[in-house]
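The values are calculated or read from the model by the stated rules, or taken from the named source; none is laboratory data. Predicted model only: the values in this text are computed from it and were never measured. When we count neighbours, we look across all protein chains shown, and the Cβ atoms used for this are built from the backbone with ideal geometry, even at glycine.
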């Protein structure tokens with residue numbers, strides 16, 4: 001009983017329970033016929049939300065007002081430029097990845113430069129940057145759907161031992177994120193900054209340096225997600241990152257990360273990402289229209305957040 005009580009106080013457990021409940025409800029409707037296919041699809045599509053969600057989680061951990069709205073545009077630009085550079089050549093896979101990462105580093109630097117130099121709120125700085133980045137993607141793409149190299153197309157759409165390859169990449173990145181947050185001084189720094197920036201400065205923590213690195217980390221993960229998504233979907237499109245703006249924020253909130261900052265939650269990102277995909281899948285299975293699906297999705301998300309919030313308050 002004590003173990004169950006302890007689990008119930010973990011904020012991430014509720015996103016996982018919600019994901020399992022939706023998965024079970026969908027399986028019941030289909031009579032279990034699509035169990036394996038649904039599970040693989042869930043982990044495949046959730047992987048992209050997990051990757052961008054981890055980056056957004058790091059930024060949100062920095063405290064109130066910290067958020068990166070340039071994620072979708074960064075995904076689009078990185079995917080477009082990388083695929084154009086690779087030009088369907090398997091031998092250029094690594095250079096394409098390097099270019100995608102460099103784009104993420106550049107966007108992250110520019111984001112924090114706007115925040116620090118102009119002293120404007122991160123939400124305004126990153127939104128302004130997103131317009132510049134998206135315009136660059138439009139100029140680079142010029143309306144063409146660029147195809148990925150065959151190796152990358154096969155890799156991103158295949159599985160290893162039944163586990164989607166993109167989910168394995170997301171798992172590796174999640175372990176890296178957990179290690180950074182729990183086992184390094186950098187993780188302690190950003191948690192302290194999120195709890196109180198003035199106190200962090202007084203304690204000698206390099207606040208500006210930690211925030212700078214965090215915004216770069218978020219942009220690099222967005223670039224990597226764009227690179228993988230473009231290869232998975234068979235080409236780079238100008239709207240490929242649009243759904244990940246709210247998604248990257250939603251999975252952080254639903255996953256149990258404190259919006260006020262100072263507390264992050266890697267396992268919750270997984271539960272929330274699976275939950276978000278499975279909700280849409282379940283509502284599609286029930287044959288509901290697009291409008292009803294959006295309303296139901298919103299209500300279900302609110303319910304999960306309220307349930308988790310109520311449990312957290314009750315455990316204090």
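Per-structure values
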read-out	value
Total residues in the range 102-150, condition assigned to a loop (DSSP other than H, G, I, E, B), in contact (Cβ under 8 Å) with a residue 40 or more places away in the chain and within 18 Å of residue 60 (Cα to Cα)	1
Residues of the range 222-240 that turn out to be more than 17 Å from the chain's Cα centre (by Cα) and either surrounded by fewer than 24 Cβ atoms within 10 Å (Cβ to Cβ) or in a loop (DSSP other than H, G, I, E, B) (or both), as a count	5
Near pairs, Cβ below 7 angstrom, 6+ apart or cross-chain, from the range 169-181 (farther than 18 Å from residue 159 by Cβ) to any residue that is at pLDDT below 95 and not in a helix (DSSP H, G or I)	181/264
Tabulated pairs, the range 233-245, first within 21 Å of residue 50 (Cβ to Cβ), second surrounded by fewer than 19 Cβ atoms within 10 Å (Cβ to Cβ) and modelled with pLDDT of 85 or more, C-beta under 6 angstrom, 6+ apart or interchain	none
Subset of the range 187-199 [assigned to a helix (DSSP H, G or I), surrounded by fewer than 22 Cβ atoms within 10 Å (Cβ to Cβ) and more than 20 Å from the chain's Cα centre (by Cα)]	188, 189, 192, 195, 197, 198, 199
Which numbered condition residue 283 misses (of (1) farther than 18 Å from residue 54 by Cβ; (2) assigned to a helix (DSSP H, G or I); (3) modelled with pLDDT of 85 or more; (4) more than 18 Å from the chain's Cα centre (by Cα))	(3)
Set 219, 153, 167, 177: member being over 22 Å from residue 96 (Cβ atoms), modelled with pLDDT of 90 or more and in a helix (DSSP H, G or I)	177
Qualifying positions in the range 63-80 - within 17 Å of the chain's Cα centre (by Cα) and buried (at least 24 other Cβ atoms within 10 Å of the Cβ)	66, 68, 70, 71, 72, 73, 74, 75, 76, 77, 78, 79
Which numbered condition residue 155 misses (of (1) under 19 Å from the mean Cα position of the chain (by Cα); (2) surrounded by 13 or more Cβ atoms within 10 Å (Cβ to Cβ))	(1)
